[in-house]
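Scroll down for the structure; my scribbles are underneath it.
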Amino acid sequence: MNTSNAVLLISEVGPRDGLQSIARTMSTPDKCRWISALHAAGLREIEVGSFVPASLLPQMADVKAVVEHALGLPGLQVAALVPNLRGAVAAFEAGVHKVTVPVSVTEAHSLANVRKTRDQVMSELASIMALKRERFPGVVVEAGMSVAFGCTLAGRVEEAETLRMCGRAAEAGVDEVGLSDTSGYAQPRQVHRLFRALQTTLGERAGGAHFHNTRGQGLANVVAALDAGVTTFDASQGGLGGCPYAPGASGNIVTEDLVFLLESMGYETGVDLQRMAAARACLQAGLVGEPLYGMVAEAGLPKDFLYARESERKTTSYD
């Protein structure tokens, strides 16, 4: 794989996936300061919230105000999660650039996560795409395939079933189909197979990877996805996140650790790790006492990191 000119996109999902997974609620000013600091560190796609009823997720009650703030940051693609048509209407009207619609590969997770069968979700997805075509053609719609690699509720997920559900989402007209390891079941060989198959099936509509580090496989799965040609990766600062409807699912891969991995391999991410430390300070100030994770934050950067990174970028291939 040629890395000399490769530029990867890291999509920061902490303000959504991270904050909705903890009991505490971060204040709106603190959220806005954190998002601004993430942007200053070089992140160019941030999932800033979920358009869901405040009664279900009070942590997301201020999502419109947060979106308004994020839209004022130059060059930032503002993303949000929407579980249904009602949420999509609100997100589109708020001016977001991208929405992710969660689509569960298993029926059990679909019923637990969005209280709808998979067929009902597909019908909802078709309605969202009709709305987009009619009134908001510029918004990117991604189907995020939850429990694509395994499901805590249903158990083993056959790869053929994951690809079948991806095909249904594509038939609904979405712009991208990404794979999510919601339960932390994925292992590298499986990741490589599934993303290669997804690209063969969907071509340019094959999307990015969303890995959890529940069993310590997160960064290994990133390398496998890279080798399969994936160029977009979700991550959460401090490793915050999880899924309340996938028992035992812990946080996402840590943004700082992901940046370090990719940059040390010679990839361009556009993210400044020293400025990420400043963003982490904003997160800690907004959630005093909340446990944060990350090996880079704990150990710091190697003394020769910048030299080693530039040396690696001069190489022509990665095998």
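The figures follow:
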item: Failed item, numbered, when Glu134 is tested on (1) surrounded by fewer than 16 Cβ atoms within 10 Å (Cβ to Cβ); (2) touching a strand residue (DSSP E or B) at 6+ places or on another chain (Cβ under 8 Å); (3) of a type in the set (Asp, Glu); result: (2)
item: Those residues of the stretch 162-182 which are of a type in the set (S, T, N, Q) and out of contact with any strand residue (DSSP E or B) (no Cβ under 6 Å at 6 or more places or on another chain), in sequence order; result: Thr162
item: Residue within the stretch 194-202 that is free of Cβ contacts under 8 Å to residues at least 24 places away in the same chain, part of a helix (DSSP H, G or I) and not β-branched (Val, Ile, Thr) present; result: no
item: Any chance Leu71 is over 20 Å from the mean Cα position of the chain (by Cα) and not charged (D, E, K, R); result: no
item: Filter result (farther than 15 Å from Thr214 by Cβ and either in a strand (DSSP E or B) or hydroxyl-bearing (Ser, Thr, Tyr) (or both)) within the stretch 163-190; result: Glu176, Val177, Gly178, Leu179
item: Those helices (runs of 4 or more DSSP H) lying entirely in the stretch 248-302 with at least 2 residues more than 30 Å from Gly150 (Cβ to Cβ) and small (Gly, Ala, Ser); result: 273-286
item: Criterion (crowded, with 20+ Cβ neighbours inside 10 Å, touching a residue at least 40 places away in the same chain (Cβ under 8 Å) and more than 25 Å from Ala154 (Cβ to Cβ)) met by exactly one of Val99, Val82; result: Val99
item: Residue tally, condition within 22 Å of the chain's Cα centre (by Cα) and either in a strand (DSSP E or B) or without any contact (Cβ under 8 Å) to a residue 12 or more places away in the chain (or both), over the stretch 140-162; result: 8
item: Residues of the stretch 278-308 satisfying the condition of being among the hydroxyl-bearing types (Ser, Thr, Tyr) and exposed (fewer than 12 other Cβ atoms within 10 Å of the Cβ); result: Tyr307
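Read-outs: derived from the displayed coordinates by stated rules, not from any lab. Since the model is a prediction, treat every value here as computed from it, not as a measurement. Note: ideal-geometry Cβ built from the backbone for every residue, glycine included; neighbour counts use all protein chains shown.
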